[in-house]
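Structure record follows, encoded as structure tokens.
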Amino acid sequence: MNGFTFVAFTYNQEKYIIQHLESIKYQIENFGKDTDCYFLLCDDCSTDKTAHLCKKWVAEHKDLFKDVNFIRQDKNRGIVNNYLTALSNIKTAKFKILAGDDLYFKNNIFDFNNEYNFVITPVFNFDNNSNISKMDMCYYNMFLHKQSKKADLQSFISKYLKYTNVIYAPGVFYNRVYDINKAIDVLKNYKFIEDYPFWNYLFSIPNLRVFIETKPLILYRCDVGISTNTKHPKRAEFLKDEKRLEEEIKNDCSLPKLINPCRYRHKYYCFMSKYFYSKSSYVKKCNENIDKEINSAQKYLNEIIDKANIWMKGNL
């Protein structure tokens, strides 16, 4: 099916879901008028008003979407189950799965070349005080450098994933190259970590076409998620998933740190990225363009928050 699907996967995000939806509205009104846009909500049995607010907002803005689908779990089953539910219900080749507390940025998310299956974009972080910063650029600059040298990005990243996750999940866009049954098999043993094992699977698919985009497309709320908030009530279960990852994915590099060649290769690339790759003309120019974008990010973020606040005041 042609078109683009916006997928919101949510759990107790009533404070942020309208901001998320307003950022979708911005995308469609500014760039998506010639695209059939679909909306899919996958809610993990929120105990607050997340689903209610989302349904009410979408009902008021139904003209934005060709079709909508609301799926609510009968009980809280965890991020991975919710993610698999989303993957199983997407009908379009192009889509983006994004947590309900994150935002789409002001650049055109529909403007992707169809020849690529996996696109990595730079991400701007923001916190609850609306402070904006860039993601850690170490891996991203490394990938930019490899792309400028026409390296085989699939092979390079695939090997790297055996040691650590070098892909910043919020900024990833991919299409329907996956086998849903294989995805279920890969993720069934996890509850709170979906990105790393799924990337590891995707990069095993032959001839995956990878591209490093230089336009930021996502604003990531960096201080509330289970992976960044050490006080999250389910943090202990998340750490169990991390241990399982160590056993199932990183077993190629399971030697102790002091004698682990993967560790030193990783340090080498981080050093090269910081002191050499980031100084190359191509990478430097890309970074300069990203820096220009961050100067306008604060204004955009404030506008989205204001629009969400206005809507909330009229609907509470």
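The values are calculated or read from the model by the stated rules, or taken from the named source; none is laboratory data. As the structure is a prediction and not an experimental result, all values here were calculated from the model. Note that each Cβ is placed from the backbone with ideal geometry, even for glycine, and that neighbours are counted across all protein chains shown. For the accessible areas, the whole protein counts, side chains as well, though only heavy atoms, and no ligand, DNA or RNA atoms are used. Shrake-Rupley method; radii C 1.70, N 1.55, O 1.52, S 1.80 Å.
For this structure, a couple of remarks:
- Residues satisfying the criterion are present in region 194-204 (criterion: within 19 Å of Asn89 (Cα to Cα), open to solvent by 20 Å² or more (accessible area, probe 1.4 Å) and outside any helix (DSSP H, G or I)).
- Pairs where the first residue, in region 44-71, is in contact (Cβ under 8 Å) with a residue 12 or more places away in the chain and the second is in a loop (DSSP other than H, G, I, E, B) and among the basic types (Lys, Arg), C-beta under 7 Å, 6+ apart: Asp44/Arg77; Cys45/Lys75
To keep it simple, each residue is scored yes or no on (1) in contact with a helix residue (DSSP H, G or I) (Cβ under 7 Å, 6 or more places away or on another chain); (2) within 17 Å of His61 (Cα to Cα); (3) at pLDDT 95 or above.
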{"residue": "Thr10", "(1), (2), (3)": "yes, no, yes"}
{"residue": "Glu14", "(1), (2), (3)": "yes, no, yes"}
{"residue": "Ser23", "(1), (2), (3)": "yes, yes, yes"}
{"residue": "Tyr38", "(1), (2), (3)": "no, yes, yes"}
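- Scanning region 67-90 for residues that are under 22 Å from Asp195 (Cβ atoms) and of a type in the set (Lys, Arg) gives a single hit, Arg77.
Results for (1) open to solvent by 30 Å² or more (accessible area, probe 1.4 Å); (2) modelled with pLDDT of 90 or more; (3) in a helix (DSSP H, G or I), shown as yes or no for each residue.
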position	(1), (2), (3)
Arg263	yes, no, yes
Met272	yes, no, yes
Tyr282	yes, yes, yes
Ile290	no, yes, yes
Glu303	yes, yes, yes
Asp306	yes, yes, yes
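- Within region 2-28, the residues that satisfy the criterion of being open to solvent by less than 10 Å² (accessible area, probe 1.4 Å), of a type in the set (A, V, I, L, M, F, W, C) and assigned to a strand (DSSP E or B) are Phe4, Phe6, Val7, Ala8.
- Region 119-150, residues that are open to solvent by 40 Å² or more (accessible area, probe 1.4 Å), in a loop (DSSP other than H, G, I, E, B) and more than 17 Å from Asp101 (Cβ to Cβ): Asp136, Lys149, Lys150
- All positions within region 174-188 that are in a helix (DSSP H, G or I) and either open to solvent by less than 30 Å² (accessible area, probe 1.4 Å) or within 15 Å of Ser204 (Cβ to Cβ) (or both): Asn181, Lys182, Ala183, Asp185, Val186, Leu187
- Boolean, Thr85 is under 19 Å from Asn175 (Cβ atoms), among the polar types (S, T, N, Q) and open to solvent by less than 20 Å² (accessible area, probe 1.4 Å): no
- Under the condition of being under 20 Å from Asp306 (Cα atoms) and in contact with a Lys or Arg (Cβ under 6 Å, 6 or more places away or on another chain), the residues counted in region 9-54 number 2.
- Counted residues, region 151-173 - those being within 14 Å of Leu202 (Cα to Cα) and open to solvent by 20 Å² or more (accessible area, probe 1.4 Å): 8
- Enumeration of residues in region 29-66 that are assigned to a helix (DSSP H, G or I), over 20 Å from Thr85 (Cβ atoms) and open to solvent by 10 Å² or more (accessible area, probe 1.4 Å): Glu29, Asn30, Phe31, Lys56, Ala59, Glu60, Lys62, Asp63, Leu64
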